[in-house]
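In what follows, a single structure is set out as structure tokens and then discussed.
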Amino acid sequence: VAGIVKRAGVARNTFYESFANKEECFLAASDLAGEEAMRRISEVVRAAPPGWPERIRAGLGALLAFVASESALARVFVVESLSAGPAAAERYERTVRAVVPFFRIGRRYSDQGESLPPTLEETIVGGIFWVVYQRIVAGRPDELEGLLEEIVEFVLTPYLGVEAAREVASPV
């Protein structure tokens, strides 16, 4: 707590007026990070051209832009939540699971539909978060926006095929 209040420039009693302990403070910061990322993603997706592939691209672009511009906040959620105790890990998992259904919509665009592997969307979301995690840990979150086309192609290929996925990933 001493380090937190020093860095925040507040008195210890001010900290305890808001939080019972460090874990509660961390969970609030993690919640803030997740909520802000989802707010930015939702805003961009609502304004995106119609169509699931285009909205996936827009949402991924917003996620990567958020992490690049708010890397300390993103680190709290994407990296530190995994080792900050059961409550933080559960919140992280709940958020990751919440985005899986948006990717599952892609089955409607695929000739293979429901015959695609049952864990496909979990694997896709896990892959996205792994790439984000790795860039944050390596201190290179600024690289993420440059990976948008590659990530979009990775996400859309199982549903649309390689060529159609590349067209969405690399709009002219």
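Per-structure values
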| quantity | calculated |
| --- | --- |
| Built amide H within the under 5 Å cut-off of Ala84, gap 5+ | Ala89 |
| Over segment 1-155, relative contact order from alpha-carbon pairs under 8 Å, at least 6 apart, % | 24 percent |
| Rounded if a/c under 1.5, otherwise prolate or oblate - segment 48-172, Cα gyration tensor axes | oblate |
| Burial order of peptide ranges 118-125, 59-66 (average beta-carbon count within 10 Å, highest first) | 59-66, 118-125 |
| Ile4 versus Glu90: modelled label distance in nm, points set 7 Å from Cα along the beta carbon direction | 1.9 nm |
| Sequence ranges 156-164, 83-91, 12-20, ranked by mean other-Cβ count within 10 angstrom, highest first | 156-164, 83-91, 12-20 |
| Selected from Ala88, Val45, Val10, residue furthest toward positive end of dipole (segment 1-127; charges at beta carbon) | Val10 |
| Sorted peptide list for 47-58, 71-82, criterion being average Cβ within 10 angstrom, highest first | 71-82, 47-58 |
| Formal net charge of residues neighbouring Phe102 (Cβ-Cβ distance under 9 Å; K, R +1; D, E -1) | +1 |
| For segment 110-172, average projected area of the Cα convex hull in nm² | 4.6 nm² |
| DSSP H segments from the chain that extend 15 Å or more along their own axis, Cα-based, with Kyte-Doolittle mean of 0.0 or above | 52-69, 120-137, 148-160 |
| Test item: Cα-centred dipole of segment 1-157, Lys/Arg +1 and Asp/Glu -1 on Cβ, debye | 320 debye |
| With every protein chain in place, segment 1-49: carbon and sulfur % of accessible area (1.4 Å) | 56 percent |
| Extension gain, Gln134 back to Thr119 (0.36 nm per residue minus Cα-Cα distance, nm) | 3.2 nm |
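The values are calculated or read from the model by the stated rules, or taken from the named source; none is laboratory data. Note that the structure is a prediction, hence the values are computed from the model and not measured. Note that we place each Cβ from the backbone using ideal geometry, even for glycine, and neighbour counts take in every protein chain shown. We work out accessible area using only protein heavy atoms, side chains counted, and drop any ligands, DNA or RNA first. Shrake-Rupley method; radii C 1.70, N 1.55, O 1.52, S 1.80 Å.
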